[in-house]
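The structure appears right after this line, and notes come after that.
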Amino acid sequence: MTLLRRPTFLGLACFAFLPILMTDVSEAKESTAWDLRWEFQGDAGYELLRSKDNIAPTYDRFYLLPSAKLTLGAGEQLALRMAVRLRSDARFIQNDADKPLDFSPRALNVQWNTDYGQMTLGLQEVEWGEAFGFKVADVVHPYELSDYLLANTVEAKIPLALVDVLFIFGPVKLELIFSPFPRRSSIPESIQGIRTTGPEDEDEFLDKPEFGGRLGYTHSSGIDLKPFFYSHGNRLPLFGLGMSAAGPVMTAVQKRVQTFGLSASQATEKMVYRGDVTYTIDQPAGLVHANEIPLTNRLQAVFGADHSTESGDTNIGVQVQTDHWNEKPLGQDKRSLTWWAFRYQSKFFGGKWEPQAIFWHGIGNHDAWLQLNSNINFLSACVWSVGMDYVFKLDGDGSAFYFQQQTNVYSRVSYRF
């Protein structure tokens, strides 16, 4: 049990296998007697982030993301997956002596596949939901909110040691998840220049296992329905402003909540319609004072549609998101907020250039956020990504997440092996 509580040891165990797996990795090896196969791949590169307002952290670092998979039996009946992340510098610029090397295991699990489903045990990542951007239904994992460079990418998700069982009964699927050792979302060292601190009930929170499940049904017409339930800690913590001997401090509020939801999608030849709806019970609504944390029920809904060209090279998507609280959260003027979003992504020159633009704007509030990204693929295995997050209108009547309230530019050069 101690091994699962300490992810560093999982990563060290993962690295113990890498020298074996890295031997002659030019192609997957196969034994016809045992039908044994293994694969090794990864991503290495350099990433840079600069903040215009000089409040968000600034990064300048190298990284390595090796992963390996060992399979046994026909159709990958049994699979062992391992992955880690190494970064040369995961420090905030003001604390440049704390962590010269960041080591984080990303996967160490065993998966058993049968005709009736699959079971995955160990460190892994699970993804729920249909929406882009704000994935309100993706509640299984906490997030690395302390890292601004990862705040809007899949790498922000923190892997967990899970028992994930999937049953398949024709068009019906049932997924059950149990997380015996949950973790909380990390928080930045400061918000708008004010020091932050974690919640006081951290040990009690971590000792409570998280659990839930999702039922899936796919109709012959293409409609896919997935109702779900999950008992978990609120993934995006709220903060209350208080005073300490050292000055102002923002205290994180993270509590156990219960989320009920439904994800749905409908695919046609050129269109995909999708939606996520969640209802969260006992969501923290802010701090009144140290001994009282008001709770409220929260309804979130995202509905959207995507259109793809005949070639599949261009995709245009629109969506509308609404957020409603039974009680008005502290520091917010409204009980309900709504936004619309537009996404454009395409491929040019045979896929060598892949631009993407996402724009969010409030309906009845002044939240406005533009995210630009451009991937340039060269030398068959190299990618240069450049992008910008530009928040140009925040008048205090919206609810944009704190880690997006900065204008920054980033660059990432990676080599896939």
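The values are calculated or read from the model by the stated rules, or taken from the named source; none is laboratory data. Bear in mind that the values here come from a model prediction, so they are computed numbers and not experimental data. Note that each Cβ is placed from the backbone with ideal geometry, even for glycine, and that neighbours are counted across all protein chains shown.
Only one entry in PRO188, PRO182 is closer than 27 Å to GLY129 by Cβ, of a type outside the set (Gly, Ala, Ser), at pLDDT below 85 and part of a loop (DSSP other than H, G, I, E, B), namely PRO188. Scanning segment 333-386 for residues that are surrounded by 13 or more Cβ atoms within 10 Å (Cβ to Cβ), assigned to a strand (DSSP E or B) and of a type outside the set (A, V, I, L, M, F, W, C) yields a count of 16.
Can you tell me which residues in segment 336-350 are in contact (Cβ under 8 Å) with a residue 60 or more places away in the chain and closer than 21 Å to ALA305 by Cβ?
ALA341, ARG343
I'd like to check something: does segment 251-271 contain any residue that is surrounded by fewer than 16 Cβ atoms within 10 Å (Cβ to Cβ) and acidic (Asp, Glu)? Yes, that holds for at least one residue. Only one of the listed residues (SER220, SER244, SER311) is surrounded by fewer than 19 Cβ atoms within 10 Å (Cβ to Cβ), over 22 Å from the mean Cα position of the chain (by Cα) and under 19 Å from ILE187 (Cα atoms). That residue is SER244.
If only residues of segment 55-113 that are assigned to a strand (DSSP E or B) and of a type in the set (Val, Ile, Thr) are counted, the one that is modelled with the lowest pLDDT is THR71.
Yes or no, residue by residue, for (1) in a strand (DSSP E or B); (2) farther than 21 Å from SER179 by Cα; (3) touching an Asp or Glu at 6+ places or on another chain (Cβ under 6 Å):
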{"residue": "LYS226", "(1), (2), (3)": "yes, no, no"}
{"residue": "ARG235", "(1), (2), (3)": "no, no, no"}
{"residue": "MET243", "(1), (2), (3)": "yes, yes, no"}
{"residue": "ALA252", "(1), (2), (3)": "yes, yes, no"}
{"residue": "THR259", "(1), (2), (3)": "yes, no, no"}
{"residue": "THR280", "(1), (2), (3)": "yes, no, no"}
{"residue": "ASN297", "(1), (2), (3)": "yes, yes, no"}
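Annotation: TYR415 fulfils all but one of (1) in contact with a Cys (Cβ under 6 Å, 6 or more places away or on another chain); (2) modelled with pLDDT under 90; the unmet one is (2).
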